[in-house]
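Just so it is clear, none of the values below were taken in a lab; they were calculated from the coordinates. Computed from a prediction, not measured in an experiment: that's the story for all the values here. Every residue, glycine among them, receives a Cβ derived from its backbone with ideal geometry; neighbour counts consider all protein chains shown.
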Amino acid sequence: MSGPEKNLVLVVDDDDSMLRSVARLLRQLGYVAKLFPSATAFAEHREFDDVLCVVLDINLGDGSGIDVRHALKASNNPVPVIFLTGNDDSATRKAALSSGCLAYLIKPFPAGALAGHLERASMQA
């Protein structure tokens, strides 16, 4: 791997307990987490050079994670996205997958599932 290993994961979820538990899991897996409680807070983040991926809730209190993903793509930001949702349905899944996400996980998800997708992201970095 050339350059410094990317290990920063941005986590966007309006559920504070989910933010904390994903951050704890990321620390256990050796990643650094930066937490955002809303789409608005995340929209203000501009530095993506050291970001491995974004773990993004689909149903945010102030917007849609899928819309956030489209905004990243529109700004030519290639950062991989792992979607999380507690409200799985076929329309949401189709919209998420067609947005070009790395993965789509349904809450609650096994820790190993997230770890495997982060490993895939690091191979693409």
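Gaussian network model of the chain, Cα springs within a sub-10 Å range: biggest mean-square fluctuation belongs to which of Pro108, Pro80, Pro37?
Ranking Pro108, Pro80, Pro37 by mean-square fluctuation puts Pro108 first.
In a solvent-free Debye calculation with one equal scatterer on each Cα, what is log10 I(q)/I(0) for the range 15-73 at q = 0.21, 0.23, 0.26 Å⁻¹, listed in the order of the q values?
Treating every Cα as an identical point scatterer, log10 I(q)/I(0) equals -0.89, -1.05, -1.26.
In debye, nearest 20, what is the charge dipole magnitude of the chain about its Cα centre with +1 on Lys and Arg Cβ and -1 on Asp and Glu Cβ, if you could check?
On the way: 12 positive and 15 negative charges, 65 e Å.
Using only the charged Cβ atoms, the result is roughly 320 debye.
Quick one: Karplus J couplings for the range 8-14, per residue in order, coefficients 6.51, -1.76, 1.60, θ = phi - 60°, nearest Hz, x for Gly and Pro?
Once θ is set to phi - 60°, the couplings for the range 8-14 become 8, 10, 8, 10, 10, 7, 7 Hz.
Report the net charge of residues surrounding Thr40, where surrounding means a beta-carbon distance below 11 angstrom and charges are Lys +1, Arg +1, Asp -1, Glu -1. Please list the in-between numbers first.
Working: positive: none; negative: Asp14, Glu44, Asp62.
For residues surrounding Thr40, the net value is -3.
If you take the charge dipole of the range 8-124 about its Cα centre, with +1 on Lys and Arg Cβ and -1 on Asp and Glu Cβ, which of Ala39, Met18, Ala111 is farthest toward its positive end?
Final value for the positive-end residue is Ala111.
First obtain the Kirkwood hydrodynamic radius of the range 8-124 from its Cα pairs, then insert it into the Stokes-Einstein equation at 10 °C and 1.306 mPa s, and state the resulting D in µm² per second as a whole number.
Values: Rh = 14.0 Å.
Taking Rh from Cα pairs, D becomes 114 µm²/s.
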